[in-house]
Amino acid sequence: NLSQYEQGSLKSIKKINHMIINLRNSNIFSEIVRDLLHSVAWLEVTEIRLRVEKKSLVQNSTHPFRIQKLTFKEAFFTDQTISRAIVLLKEITSLKELEAINCVLEGQGRWNIKEIASSGQSFVETITIIKITIQNFHLFFDLEGMESQINNLKRLTIASSNVFMVPCNLARHFSSLLYLDFHDNLLVNKRLDETICEGSWPSLQTLNLSQNSLKSLEQTAKYTSRLPKLNNLDISQNNFGEIPDVCEWPKTLKYLNLSSTQIPKVTTCIPPTLEVLDVSANNLKEFGLQLPFLKELYLTKNQLKALPGATPLPNLVALSVRRNKLNSFSKEEFEGAQVGTVHLSLMECHRSLVVSMICTLVFLVILLLVAIGYKYHVVWYVRMTWAWLRAKRKPKRAPPKDVCYDAFVSYSENDSDWVENTMVRELEQACPPFRLCLHKRDFVPGKWIVDNIIDSIEKSHKTLFVLSEHFVQSEWCKYELDFSHFRLFDENNDAAILVLLEPIQSKAIPKRFCKLRKIMNTKTYLEWPAGEEQQQMFWENLKGALRS
């Protein structure tokens, strides 16, 4: 979401194959393009609201340019910005492909035809438009006057954009177009007569009209027969329903896709010139056509009970008959050319072996996960997470009336002698005495130990940790420390008091004690001294910390 750009910032980059930029601020679009003319092959711009650009996109830039493809995604155009963009983009002589995906056009095709025509020929050969939104698209103008701009276009895709016709006069000027894709639009047979009129699309070789609203196969064949060079036609996913006995097709047609068109049978309407035919997903019960040049036949997802005869298809190389009702084969069905080398998948040939291998693999993966879980204490983390989630539902702090201890003492069982015989005696016999919570003495019998820990921390004014080598190796000390993290340390207060009973090597602290490491580096802690004089000072400091 760039808002500012300093001219020249990207000019030093020598070569980028594909660059994607999000430009909601259209003011810097032209500046960036100027700097990328010699470095980027494919520039993709997203979420831009294109404005009417006055300055040239190339200005003083020298030829040759490198940019060949420009893509707009989720962009917003108006009639004025499109007119100006067409003019300016012609100056980029290296630009061969334009693409617009999920864009919005606010307009009706009232483009500045005079300015566009006077600016010369376009060098763009490929235009792809997918899912463009035009409000009141049925009022869109027929782009009369744009004929001079489309002579050199070779590939055009306008898909999922509510196209319902192309004016005949405009279609006749696509003199160089080889590939046309109108899939997923609103074309009907009546409008197709206008779209593919006599003399239109004279060089067209590939046409995709799939996913439209064509109803008559006979009319569709008749209109496409006007295309003298057409050899590849996709009219799949149209609801034809019926198929006549005779149809008029282009004489050069070699590839025909009639899949998912609801035709109940195949007739001699199918052109004999075909090399590839797809009639999948049509509920066909038989296939008996004679197609002498056919090399590939796709009959997937039908109701065939017998294979098509081999004799009428002498040049067949590939046959797909998946998802049919074939039960048996006769010798006659296989007369003709040899099947040759058949490549079946491992699953088809050795199902039990594959299942066994998958089960073994799954078992090994589970075993590996268990081993990893054990090594990295995953079970411990899961248990802690569950307890933490339960603790999270409770209030952050117990009400003041429920706080009945001065401190909850967390310590290792191996340090119990010092805690119970030295520290407890010193603190609980002080004047005034401190009330300490010890797990041995104050935990509620029969209650889950994790709940005991949480409740004790909540009911204590402070939490006192007696740190030692034994402490960092203790399972329950881990729990107590972690719950204090959740309840105390995250609140950024001084409720935790650290007493270092003996020096601890930092490498002895497990990695999961990351907060303990942090606390020991940032928080002052009390060290238990060896000399009696220093011990008196230690007790005074500890009592002061408990009272704070």
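For the reader, a short list of remarks on this structure follows.
- Within the chain, helices built from complete DSSP H runs that reach 20 Å or longer along their own axis (Cα positions) and carry a mean Kyte-Doolittle hydropathy of 1.6 or higher are 351-375.
- Tensor-based shape of the stretch 62-144 (alpha-carbon gyration tensor, a/c under 1.5 rounded, otherwise prolate or oblate): oblate
- Heavy atoms of the protein chains alone define the surface here; on that basis the chain has 55 Å² accessible area per residue at 1.4 Å probe size.
- Averaging Cα coordinates gives a centre for the stretch 194-216 and one for the stretch 420-464; these two points are 86 Å apart.
- Whole-angstrom gap from the stretch 119-148 to the stretch 1-75, using each part's C-alpha centre: 22
- Grouping the Cα pair distances of the chain into 20 Å bins from zero gives a pair-distance distribution of 16, 25, 21, 23, 14, 1 percent in increasing distance order.
- Whole-Hz couplings from phi, Karplus 6.51/-1.76/1.60, listed for the stretch 293-298; x for Gly and Pro: 9, 5, 10, 10, 9, 10
- Rolling a 1.4 angstrom probe over the chain with all protein chains present gives an accessible area of which 54% lies on carbon and sulfur atoms.
- Farthest positive-ward along the chain dipole, Cα basis, beta-carbon charges - from 345, 98, 247: 247
- Radius 14 Å from Cβ of residue 157, net charge of other residues (Lys, Arg +1; Asp, Glu -1): -2
- Residue-level accessible surface for residue 537, protein heavy atoms, 1.4 Å, Å²: 110
- Between the beta carbons of residue 376 and residue 448, assuming R0 = 35 Å, the FRET efficiency works out to 0.90 to the nearest 0.05.
- Peptides ranked, highest mean first, by Cβ atoms within 10 Å: ranges 457-468, 267-278: 457-468, 267-278
- Surface listing: 123, 329, 164, 65 arranged by accessible area from highest to lowest gives 329, 123, 164, 65, probe 1.4 Å.
- Of the trypsin sites (Lys or Arg not before Pro) found in the stretch 24-79, those that fall in a DSSP loop while having at most 12 other beta-carbon atoms within 10 Å are 24, 54, 55.
- Largest first, the residues 201, 386 sort by 1.4 Å accessible area into 386, 201.
The values are calculated or read from the model by the stated rules, or taken from the named source; none is laboratory data. The shown structure was predicted, so the numbers you read here are calculated from the model rather than taken from an experiment. Because the Cβ atoms are built from the backbone with ideal geometry, glycine has one as well, and the counts that use them run over all protein chains shown. Just the protein is used for accessible areas: all its heavy atoms, side chains included, with ligands, DNA and RNA removed. Shrake-Rupley method; radii C 1.70, N 1.55, O 1.52, S 1.80 Å.
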